[in-house]
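Enquirer: The structure follows.
The values are calculated or read from the model by the stated rules, or taken from the named source; none is laboratory data. Being a predicted model, the structure only gives us computed values, none of them experimental. Heads up, the Cβs are rebuilt from the backbone with ideal geometry, glycines too, and the neighbour counts pull from every protein chain shown. For the accessible areas, the whole protein counts, side chains as well, though only heavy atoms, and no ligand, DNA or RNA atoms are used. Shrake-Rupley method; radii C 1.70, N 1.55, O 1.52, S 1.80 Å.
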Amino acid sequence: MKRACLLAVALTLAATVPRAAAPTITIDASAPAGRVSPLLYGLMTEEINHSYDGGLYAELIRNRAFLDDGTSPAHWSTVHRDGAAAAISLDPTQALNAAMATSLRLEVTQASPGHQAGVANEGYWGIPVRPNTRYRASFFAKAAPGFTGPITAAIESEDGKTVYATGRVTRLTQTWKQYDVALTSSAVEPTARARFVLTTDRPGTIWFTLVSLFPPTYRNQANGFRPDLLQMLIDMRPKFLRFPGGNYLEGDQIADRFDWKKTLGPLSERAGHMAPWGYRSTDGLGLHEFLLWAEDMNAEPVLAVYAGYSLKGAYVKPGPDLEPYIQDALDEIEYVTGPTASRWGSLRARAGHPAPFKLAYVEVGNEDFFDRSGSYDQRFAQFNTAIKARYPHLQVMSTVGFEHPENQRVRSVTPDVVDEHYYRTVEAFLNAARGHYDKYDRKGPKIFVGEWGAYETPFEPWNPRSRGEAPTPNMRAAIGDAAWMTEMERNADLVIMHGYAPLLVNVSPGARQWRPNLIGYDALRVYGSPSYHAIKLFATHLGDEILKASATETDVLVSATRDSRSRTLYVKLVNPTAAAAPVQLALSGAALRPSGTALTLAGDPRDTNSIDDLERVVPRTSQVTGVKSGLTYTIPANGIAVLELSLQ
Ligand code: AHR
């Protein structure tokens with residue numbers, strides 16, 4: 001018989017609470033109920049809400065290749081100081097190459113020293129200026145006969161009155177050449193009310209393309225990531241990165257899919273493409289950058305390959321028509337994992353990464369339950385066979401989970417893993433947290449909850465009426481999220497991975513397409529929502545063993561895990577009620593050491609963080625002393641608690 005004695009440990013925290021009133025949380029530590037999947041917590045990402053362009057991808061120039069708008073150079077304007085005169089237009093007759101299929105023509109008709117004329121870019125809702133910072137500007141340019149420069153590149157205030165950083169380029173010729181210039185700011189006050197300008201002090205005609213401005217990036221990688229945003233993600237200690245989507249994988253039409261081969265190589269060869277969320281992607285963050293991003297986080301890629309279905313309903317017939325897409329997926333896997341002697345592996349090596357990237361999971365498509373033609377079953381089977389034949393060690397994932405009717409799922413083969421998406425109200429998640437996965441067949445496919453998120457309001461993320469609402473979730477939503485995580489943790493042998501979605505949102509006016517989102521930012525600042533903090537708390541306090549845990553006669557939700565090496569017990573408690581909830585922990589099968597730590601996240605249900613109030617709701621840490629036989633702990637009202645307790 002298992003060790004029967006219940007160690008009742010009274011915490012001083014709960015001294016005022018009458019013991020008899022506290023409902024019991026039972027945790028059985030005599031033997032693990034399962035292994036926690038080592039990849040449980042990870043990230044899902046795609047280009048939505050200006051996640052990359054205007055977000056994680058550190059490029060500061062918006063519409064750098066002048067391809068965002070067919071008729072006029074969007075986000076660019078002329079600059080003419082005191083009587084100088086200039087005009088700008090798009091000039092497809094002066095293209096750098098097929099990818100940079102147009103250029104910006106700047107015609108300066110009047111300018112002189114002190115009276116410059118030129119062109120300004122507004123950035124992605126401003127250009128962030130930080131003190132003592134080195135920016136790297138670059139552009140392709142050529143000039144009409146008679147003009148050789150100089151061109152001044154500068155970061156200046158929106159009204160042009162304050163110059164924050166400046167540099168000069170000379171010797172322009174009549175052929176395209178790339179110019180680089182470093183701009184360094186002095187001890188200025190940080191601001192995003194700035195623009196980037198290219199000006200000259202004499203008349204002439206100049207063409208520009210691929211105008212770029214990078215601030216310092218994470219680890220100073222070229223074409224790299226915004227450090228503050230990437231750090232927020234690293235702090236979550238994600239074990240995987242699912243990319244490139246989401247709808248972004250599929251595109252509205254087949255031609256708009258994430259065509260990974262077009263996202264490789266020099267930026268001047270990347271035309272970008274129309275993304276499904278209403279704006280063009282530069283593809284500056286392409287396949288190779290996704291892989292580096294995962295590596296920077298010490299996470300492994302979960303590679304979603306295009307499966308022949310796009311959002312507006314077009315699909316590729318299974319059979320011979322699908323073969324080119326399957327070959328594309330095999331090539332993509334070769335790019336990620338192939339030896340340097342292979343065709344695609346050699347391209348990866350040439351891009352600076354001779355070592356193969358780790359890859360264990362490949363996902364075929366995204367949300368293919370929307371394909372009402374019913375073709376997914378056969379499309380999946382065709383991909384699965386080809387991938388397994390060439391890469392037998394890979395786990396292949398279907399995008400239709402068990403929450404969909406039987407006839408929409410993959411039936412002709414058994415996928416290794418199925419991806420389930422749950423966007424639910426808080427109440428629905430509170431219900432689901434009481435045994436959603438109990439009914440699942442433990443011998444069936446593993447579950448990847450590739451997208452999930454709780455809503456404080458009914459689910460209508462893209463409804464224009466929701467535009468006035470906060471871009472990120474409030475404390476009440478974090479309660480729903482935490483409850484759902486307890487369910488996934490209790491079943492972390494079956495649910496092998498999960499990731500909240502969407503991950504990122506630029507909160508500037510007009511930048512977002514969806515709500516709520518996990519992490520908000522503008523050009524200068526970044527914050528985590530209460531849900532971000534809840535996920536980070538859960539992900540960074542996780543062992544390798546699942547312990548059987550249950551709560552009776554209480555609204556509190558619980559999960560318990562143990563780190564078998566450090567002998568640490570993690571107990572996650574979620575109190576969805578408006579009153580503090582004392583609970584008595586009844587632990588069997590192990591004894592506790594006398595002190596521990598409680599990490600709590602609580603607040604008014606409507607409380608949230610925002611770009612002007614970055615840390616209204618953040619976790620608090622307290623020591624738990626006097627842990628001894630009989631443990632009563634009071635979870636704050638509308639609160640989440642993670643108890644970190646040492647086992648003897
Ligand atoms: O996360 C936002 C969208 O929700 C994803 O692109 C799609 O997969 C899902 O419908």
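Enquirer: Answer rounded, prolate or oblate for the chain, using the Cα gyration tensor with square roots of eigenvalues a ≥ b ≥ c: rounded when a/c is under 1.5, else prolate when a/b is larger than b/c, else oblate. It would help to have the intermediate numbers written out before the result.
Expert: Values: a/c = 2.46, a/b = 1.62, b/c = 1.52.
Prolate, since a/c reaches 1.5 and a/b exceeds b/c.
Enquirer: Lys439: which aspartates and glutamates have alpha carbons under 13 Å from its alpha carbon, excluding same-chain residues fewer than 8 sequence positions away?
Expert: Glu403, Glu487
Enquirer: Right, another one. Rounded to the nearest Å, what's the spacing between the alpha carbon centres of the stretch 374-446 and the stretch 85-151? Just the number, please.
Expert: Between the Cα centres of the stretch 374-446 and the stretch 85-151 lies a distance of 50 Å.
Enquirer: In addition: Run down the aspartates and glutamates and flag those whose C-alpha is under 13 Å from the C-alpha of Lys161, throwing out any fewer than 8 positions away in its chain.
Expert: Asp82
Enquirer: How much length is gained on full extension from Asp82 to Asp544, taking 0.36 nm per residue of separation minus their Cα-Cα distance? Can you show the working numbers first?
Expert: Working: separation 462, 0.36 × 462 = 166.32 nm, distance 6.82 nm.
Extra length available between Asp82 and Asp544 comes to 159.5 nm.
Enquirer: Another question, then. Just to check I understand the Karplus step: with θ = phi - 60° and J = 6.51 cos²θ - 1.76 cosθ + 1.60, what whole-Hz values come out for the stretch 188-201, glycine and proline as x?
Expert: These are the phi-based 3J(HN,Hα) values: 8, 6, x, 7, 10, 8, 9, 9, 10, 10, 10, 9, 9, 10 Hz.
Enquirer: Let me make sure I get this right: for the stretch 254-401, a, b and c are the square roots of the gyration tensor eigenvalues over alpha carbons, sorted descending. Under 1.5 in a/c it's rounded, otherwise prolate if a/b > b/c, else oblate. Which is it? Don't skip to the answer; put the middle values down first.
Expert: On the way: a/c = 1.78, a/b = 1.26, b/c = 1.41.
It comes out oblate by the Cα gyration axes.
Enquirer: Extension gain Ala182-Lys388, at 0.36 nm per residue separation less the Cα-Cα distance, in nm? Present the calculation step by step, with values, prior to reporting the outcome.
Expert: Working: separation 206, 0.36 × 206 = 74.16 nm, distance 4.89 nm.
69.3 nm is the gain from fully extending Ala182 to Lys388.
Enquirer: Would you mind working out the accessible area per residue for the chain, using a 1.4 Å probe, and quoting it in Å²? Could the numbers behind the result be given before it?
Expert: On the way: 24540 Å² over 648 residues.
Accessible area per residue: 38 Å².
Enquirer: Using a Förster distance of 51 Å, how high is the FRET efficiency between Asn97 and Asp612, based on the Cβ-Cβ distance and rounded to 0.05? It would help to have the intermediate numbers written out before the result.
Expert: Values: r = 44 Å, r/R0 = 0.86.
That gives a FRET efficiency of 0.70.
Enquirer: In nm, to one decimal, how far is the modelled label at Ala591 from the one at Glu469, with both set 7 Å along Cα→Cβ?
Expert: Result for the modelled spin labels: 5.2 nm.
Enquirer: Within the set of other residues whose C-beta is less than 12 Å from the C-beta of Leu285, count the net charge using Lys and Arg as +1 and Asp and Glu as -1.
Expert: On the way: positive: Arg226, Arg270; negative: Glu46, Glu47, Asp53, Glu59, Asp283, Glu289.
Result for the local shell: -4.
Enquirer: Work out the length of the dipole vector of the chain about its Cα centre, built from +1 on the beta-carbon of each Lys and Arg and -1 on the beta-carbon of each Asp and Glu, and round it to the nearest 20 debye.
Expert: On the way: 65 positive and 68 negative charges, 276 e Å.
Computed charge dipole of the chain: roughly 1320 debye.
Enquirer: What residue among Ala299, Ala99, Ser588 has its Cα farthest toward the positive end of the dipole of the chain, where the charges are +1 on Lys, Arg and -1 on Asp, Glu, each on the Cβ?
Expert: The Cα lying farthest towards the positive end belongs to Ser588.
Enquirer: Then there's this: Quick one: grab the alpha carbon gyration tensor of the stretch 515-648, order the square roots of its eigenvalues as a ≥ b ≥ c, and give me rounded if a/c is under 1.5, else prolate or oblate depending on whether a/b is larger than b/c. Mind dumping the intermediate values first?
Expert: Numbers: a/c = 2.26, a/b = 1.73, b/c = 1.31.
Taking the square roots of the gyration eigenvalues as a ≥ b ≥ c, the stretch 515-648 is prolate.
Enquirer: What list of ³J(HN,Hα) values in whole Hz, one per residue of the stretch 416-427 in order, does the Karplus curve 6.51 cos²θ - 1.76 cosθ + 1.60 (θ = phi - 60°) give from phi, with Gly and Pro shown as x?
Expert: 5, 9, 10, 9, 10, 10, 10, 9, 9, 6, 4, 4
Enquirer: When you count, for each residue, the other Cβ atoms within 10 Å and take the mean per peptide, how do 28-35, 557-564 rank with the highest first?
Expert: On the way: 28-35: 16.1, 557-564: 23.0.
Going from most to least packed, we get 557-564, 28-35.
Enquirer: Work out the FRET efficiency for Ser566 and Glu189 from their Cβ-Cβ distance, taking R0 = 41 Å, and round it to the nearest 0.05. Please report the intermediate quantities before stating the final value.
Expert: Values: r = 45 Å, r/R0 = 1.10.
Result of the calculation: an efficiency of 0.35.
Enquirer: Could I have the simple spin-label model distance between Gln253 and Asp328, label points 7 Å from Cα toward Cβ, reported in nm to one decimal?
Expert: A separation of 1.4 nm, rounded to one decimal place.
Enquirer: A follow-up question, please. What figure, in Å² to the nearest 10, do you get for the accessible area of Trp176 with a 1.4 Å probe and non-protein molecules left out?
Expert: Approximately 60 Å² of Trp176 is accessible to the 1.4 Å probe.
Enquirer: If you take the beta carbon distance between Met274 and Arg350 as r and set R0 to 30 Å, what does 1/(1 + (r/R0)^6) give as a FRET efficiency, to the nearest 0.05? Please report the intermediate quantities before stating the final value.
Expert: Details: r = 28 Å, r/R0 = 0.94.
So, using R0 = 30 Å, E works out to roughly 0.60.
Enquirer: Another question, if that's okay. Based only on the alpha carbon positions, what is the Kirkwood hydrodynamic radius of the stretch 164-233, in angstrom? Walk me through the numbers on the way to the answer.
Expert: Numbers: mean 1/r = 0.0662 Å⁻¹.
After inverting the mean inverse Cα-Cα distance, the result is 15.1 Å.
Enquirer: Given Lys177/Lys262; Lys239/Lys572; Lys312/Lys358, which pairs have Cα atoms separated by over 24 Å? Write down the numbers at each step before the final one.
Expert: Details: Lys177/Lys262 22 Å; Lys239/Lys572 20 Å; Lys312/Lys358 33 Å.
Distance filter (> 24 Å) returns Lys312/Lys358.
Enquirer: Right, something else. Using modelled backbone amide H atoms (1.01 Å from N, in-plane), which distant-in-sequence or interchain residues come within less than 5 Å of Arg593's amide H?
Expert: Ser646, Leu647, Gln648
Enquirer: What 222 nm value per residue comes from the helices of the chain, counting each DSSP H run with n ≥ 4 as -39,500 (n - 2.57) and dividing by all residues, nearest 500 deg cm²/dmol?
Expert: Values: 9 runs with 93 residues, N = 648.
Calculated from helices alone, the mean residue ellipticity at 222 nm is -4500 deg cm²/dmol.
Enquirer: For Arg219, put the label point 7 Å out on the Cα→Cβ axis and report which residues of the stretch 39-57 keep their amide N under 19 Å from it.
Expert: Of the residues in the stretch 39-57, 43, 56-57 have backbone N under 19 Å from the label point off Arg219.
Enquirer: If packing is taken as the average number of other Cβ atoms within 10 Å across a peptide's residues, how do 38-44, 509-515 rank, most packed first?
Expert: Numbers: 38-44: 22.4, 509-515: 17.7.
Sorting 38-44, 509-515 by mean packing, highest first, produces 38-44, 509-515.
Enquirer: Now for a separate question. Relative contact order for the chain: what is it in percent, counting Cα pairs under 8 Å that are at least 6 residues apart? If you can, show how the numbers build up before the last one.
Expert: Values: 1695 pairs, mean separation 120.2, N = 648.
Reported relative contact order: 19 percent.
Enquirer: What residues have an amide H closer than 5 Å to that of Asp419, excluding those fewer than 5 places away on the same chain, when H is modeled at 1.01 Å from N in the peptide plane?
Expert: It is Ser398, Thr399, Val400, Phe448, by chain and number.
Enquirer: Continuing with the same structure: Could you derive backbone 3J(HN,Hα) for the stretch 501-513 from the dihedral phi with the Karplus parameters 6.51, -1.76 and 1.60 (θ = phi - 60°), listing whole Hz in sequence and x where the residue is Gly or Pro?
Expert: 8, x, 7, 10, 8, 7, 8, 5, x, x, 8, 9, 10
Enquirer: Ranked highest first by average number of other Cβ atoms within 10 Å, how do 72-80, 395-403 line up? Intermediate values should be presented prior to the final figure.
Expert: Values: 72-80: 18.3, 395-403: 22.2.
Output ranking for 72-80, 395-403: 395-403, 72-80.
Enquirer: Of the accessible area of the chain, with the probe set at 1.4 angstrom, what percent is carbon plus sulfur? Display every interim value, and only then the final one.
Expert: Numbers: 12590 of 24540 Å².
After summing per-atom areas, the C and S share lands at 51 percent.
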